[in-house]
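This report refers to the structure that appears directly beneath it.
The values are calculated or read from the model by the stated rules, or taken from the named source; none is laboratory data. Note that the coordinates shown come from a computational prediction; the quantities given were computed from them, not determined experimentally. Cβ: placed from backbone, ideal geometry, glycine included. Neighbour counts: every protein chain shown.
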Amino acid sequence: MKKKLKPESLMMSYGYRPEWSEGSIKCPIFQTSTFVFKNAEDGKAFFELAYGLREQEEGEELGLIYSRINNPDLEILENRLTLWDEAEDCAVFESGMAAISTTLMEFLQPGDLILMSSPVYGGSDHFIKKILTKFGIRVMEFHVGQEPEELLERMKAAGLADKLALIFLETPANPTNDLVDIEAFKQLADRLSTSEKNVYLAVDNTYMGPLWQHPLKHGADLILYSATKYIGGHSDLIAGACLGSKELIKRVKGLRTFLGNMASPYTGWLLLRSLETLKARMDIQAANADKIADFLNEHPAVEKVYFPGNLTEEDGHQYQIRQRQCLSNGGMISFDIKGAEKDAFAFLNALELIQLAVSLGSTESLAEHPATMTHVDVDPDLRKKLSITEKMVRLSVGVENSDDLIDDIAQALGRIK
């Protein structure tokens, strides 16, 4: 039997046939809006499938119609993205927020309840609490340490247990690296599902990327990514993705078609390029992050480090989740500087190698101030409760030499009075 190749090997060629593109070793950019049908019968058949007017026959594939519906660059990209998570299908979007908003809108309707972990990325927090609620969707959030059974009682007390339609988790959480037990919340979703309605579990896996955590294996129905981050990895594109079963992704792609927020062919081509080095980049980033966290743990100007690698058995459930769900400590570190906002700013302004910018997961190391930047729109009292304070700095570790990164952090910490 032919040996099954690892995803990092398949990233070079999976889903692409050079003979269809003049023998080009790399997939060309199919920069076209529309595609020519061989005959009218093909056009009819393709549209019937695209609009769900009939079931797909065995061996039949959806032909190319229009780049808002499908495009070779996106189809090959979506096929390759399924490999790391072992998903059945994938939908790629022009941004991470497009992936999140489209997915949530597809599986929620007025009167439904969404249960969300907290903290989450500031854009997700804003969309769920301030946009979805305009359409009659109710929101209940929970924090680390609150177990599903407790939340079930809260929903029952509020008369909302039968309204739950979707659970949205971000784990590790941005920017605190808090971990959420995916399996436990899948059990809650199953418990509240009925023969008339499934309660779905969606996990934003951006912080761990496709290598370091695989939510589908722990019960998630859907995985969401800001593909801008580790998947893109070069700070030169904006994209998002949603992965899951063929049945669920078909629904997501259906709404994507009519919202028109699919990724462009050029974005798809750039992501195909990035996938070839994904494992190499992320391996270096994780190794660098471990060394930097060790340095920060011992520095006298640092009060606390938020990093999965710091968890020990004394941390109880958080440590157990880390051991069960995460294949790495990741490449994201947050830490509290001893002092206040002015001290955090003094550190950020003194950095030389590390760039002061939002985003994460790219080849270059980035630092930012969550309380006044990515999470500025989160309710101030909630920020304080979640430890997103004025003294917190978030660091996205890149692929630079680890000694150089540590030297830069050390000299910047030395500027704090």
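Would you check which residues across region 364-417 are in a loop (DSSP other than H, G, I, E, B), modelled with pLDDT under 95, charged (D, E, K, R) and out of contact with any His (no Cβ under 8 Å at 6 or more places or on another chain) and list them? Hits for region 364-417 are ASP379, ARG415, LYS417. Considering region 270-288, and only residues there that are surrounded by fewer than 20 Cβ atoms within 10 Å (Cβ to Cβ) and among the charged types (D, E, K, R), the residue that is nearest to the chain's Cα centre (by Cα) turns out to be LYS279. Being crowded, with 19+ Cβ neighbours inside 10 Å and in contact with a strand residue (DSSP E or B) (Cβ under 7 Å, 6 or more places away or on another chain) is the requirement here; does ALA239 meet it? Yes, satisfied. Taking region 1-43 as the range and being outside any helix (DSSP H, G or I), within 24 Å of ALA280 (Cβ to Cβ) and touching a Leu at 6+ places or on another chain (Cβ under 7 Å) as the test, the residues that pass are MET11, TYR14, CYS27.
For (1) assigned to a loop (DSSP other than H, G, I, E, B); (2) surrounded by 16 or more Cβ atoms within 10 Å (Cβ to Cβ); (3) at positive phi; (4) outside the structural domain of ILE223 (by TED's automatic domain parsing), each residue gets a yes or a no:
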position: LEU255; (1), (2), (3), (4): no, yes, no, no
position: GLY268; (1), (2), (3), (4): no, yes, no, no
position: ASP290; (1), (2), (3), (4): no, yes, no, yes
position: ASP294; (1), (2), (3), (4): no, no, no, yes
position: PRO300; (1), (2), (3), (4): yes, no, no, yes
position: GLN318; (1), (2), (3), (4): no, yes, no, yes
position: ILE333; (1), (2), (3), (4): no, yes, no, yes
position: ASP336; (1), (2), (3), (4): no, yes, no, yes
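Scanning region 153-182 for residues that are in contact (Cβ under 8 Å) with a residue 40 or more places away in the chain and outside any strand (DSSP E or B) yields a total of 15.
Checked against the criterion of being at pLDDT below 90, more than 22 Å from TYR200 (Cα to Cα) and either not β-branched (Val, Ile, Thr) or not assigned by TED's automatic domain parsing to the domain that holds TYR225 (or both), region 31-50 has at least one qualifying residue.
Matching residues to (1) touching a Phe, Trp or Tyr at 6+ places or on another chain (Cβ under 6 Å); (2) among the polar types (S, T, N, Q); (3) closer than 25 Å to SER124 by Cβ; (4) not assigned by TED's automatic domain parsing to the domain that holds SER334:
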position	(1), (2), (3), (4)
MET373	no, no, yes, no
LEU382	no, no, yes, no
LEU386	no, no, yes, no
GLU390	no, no, yes, no
LEU395	no, no, yes, no
ASN401	no, yes, no, no
ILE406	yes, no, no, no
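Scanning region 183-232 for residues that are part of a helix (DSSP H, G or I), within 23 Å of GLY145 (Cα to Cα) and in contact with a Phe, Trp or Tyr (Cβ under 8 Å, 6 or more places away or on another chain) yields a total of 1.
Residue-wise test of (1) of a type in the set (Val, Ile, Thr); (2) touching a residue at least 24 places away in the same chain (Cβ under 8 Å).
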{"position": "LEU10", "(1), (2)": "no, yes"}
{"position": "SER13", "(1), (2)": "no, no"}
{"position": "TYR16", "(1), (2)": "no, yes"}
{"position": "SER21", "(1), (2)": "no, no"}
{"position": "THR32", "(1), (2)": "yes, yes"}
{"position": "VAL36", "(1), (2)": "yes, no"}
{"position": "GLU41", "(1), (2)": "no, no"}
{"position": "LYS44", "(1), (2)": "no, no"}
{"position": "ALA50", "(1), (2)": "no, yes"}
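Inside region 113-127, can you point out the residues that are aliphatic (A, V, I, L, M), more than 13 Å from the chain's Cα centre (by Cα) and over 15 Å from GLU147 (Cα atoms)? Passing the criteria: LEU113, ILE114. Got at least one residue in region 233-247 being free of Cβ contacts under 8 Å to residues at least 40 places away in the same chain, under 17 Å from the mean Cα position of the chain (by Cα), under 26 Å from LEU360 (Cβ atoms) and not in a loop (DSSP other than H, G, I, E, B)? Within region 233-247, not a single residue is free of Cβ contacts under 8 Å to residues at least 40 places away in the same chain, under 17 Å from the mean Cα position of the chain (by Cα), under 26 Å from LEU360 (Cβ atoms) and not in a loop (DSSP other than H, G, I, E, B). How about region 211-231: which of its residues are surrounded by fewer than 24 Cβ atoms within 10 Å (Cβ to Cβ) and hydrophobic (A, V, I, L, M, F, W, C)? If the condition is that a residue be surrounded by fewer than 24 Cβ atoms within 10 Å (Cβ to Cβ) and hydrophobic (A, V, I, L, M, F, W, C), then LEU211, TRP212, LEU216 are the ones that fit. Looking at ALA91, ALA40, ALA98, ALA50, just one residue is touching a Gly at 6+ places or on another chain (Cβ under 7 Å) and not charged (D, E, K, R), and that residue is ALA98. Only residues that are small (Gly, Ala, Ser) and either in the same structural domain as GLU75 (by TED's automatic domain parsing) or under 23 Å from VAL252 (Cβ atoms) (or both) were counted in region 51-63, giving 2.
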